[in-house]
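Down below is the structure, laid out as structure tokens.
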């Protein structure tokens, strides 16, 4: 008999492992994600963060364990039906975002899962309105008519996120959304993401990063990964402390929290 998802459950992983070419990318990962809960996944390079996102996106099947996303159990349901309900933002879309297309039709194309805007995509008033709203949600409404290959890295990232939001997903996956941004770009995008995370009925969000400084205030749960295994998981006030973060990154770290934001610094011996 297939497992039944609990009310409010977005994802449930039990002892999930992913093994590729003799290497364990994930090992015995447990995760419970509830609707409206926003989760940060942190860890050093090669710790399995992006692999975990790919499992949650339904594009990577676990080698071991059980996984359920948006009520569908891997191996017992057609996961393709879930994918329009999942927004996935990754720099893997860089090639797409160098094209000579304006932001608005490129975002509109994502309403139906398209990568390239078909002719007359904006003739549908509802599609055009949804694209404009998605851009506005991430502070990019003024970029609607701008060609994407002329935008800065931060502006392109806003277009990526708008494409992920335009279909009103239940689950939003952000893979290092602040990579390559300067301080101003990071702080501006953080403010806009906090607004998205605070929206009633907005998407449950999982954000992958290396840096505690990149966590929006709306993220209230954290999972630390090292070499594919969970080091700690739970509320941010419990997980983002000196000892767990030090174990995760393999060096003595001091973590400070101020006004809902976190900062981590290596402890220098004197």
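The values are calculated or read from the model by the stated rules, or taken from the named source; none is laboratory data. Computed from a predicted model, the values in this text were never measured in an experiment. Cβ sites come from the backbone with ideal geometry, for glycine too, and all protein chains shown count toward neighbours.
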Residues of the stretch 5-50 classified as crowded, with 21+ Cβ neighbours inside 10 Å and outside any strand (DSSP E or B), total: 5
Considering the stretch 213-270 alone, what residues qualify as being in a loop (DSSP other than H, G, I, E, B), farther than 30 Å from residue 203 by Cβ and in contact with a strand residue (DSSP E or B) (Cβ under 8 Å, 6 or more places away or on another chain)? 250, 251, 252, 267
One residue from 203, 177 being within 24 Å of residue 129 (Cβ to Cβ), under 12 Å from the mean Cα position of the chain (by Cα) and either at pLDDT below 90 or crowded, with 17+ Cβ neighbours inside 10 Å (or both): 203
Output the residues belonging to the stretch 195-212 that are in contact with a strand residue (DSSP E or B) (Cβ under 8 Å, 6 or more places away or on another chain) and more than 15 Å from residue 167 (Cα to Cα). 197, 206, 207, 208, 209, 210, 211, 212
Taking residue 87 as the residue in question, decide whether it is within 18 Å of residue 196 (Cβ to Cβ), buried (at least 18 other Cβ atoms within 10 Å of the Cβ) and touching a helix residue (DSSP H, G or I) at 6+ places or on another chain (Cβ under 6 Å). yes
Check 68, 80, 132 and return the single one that is touching a residue at least 60 places away in the same chain (Cβ under 8 Å) and either part of a helix (DSSP H, G or I) or out of contact with any helix residue (DSSP H, G or I) (no Cβ under 9 Å at 6 or more places or on another chain) (or both). 68
If you go through the stretch 104-121 one residue at a time, do you hit one that is over 20 Å from the mean Cα position of the chain (by Cα), more than 27 Å from residue 82 (Cα to Cα), in contact (Cβ under 8 Å) with a residue 12 or more places away in the chain and buried (at least 20 other Cβ atoms within 10 Å of the Cβ)? no
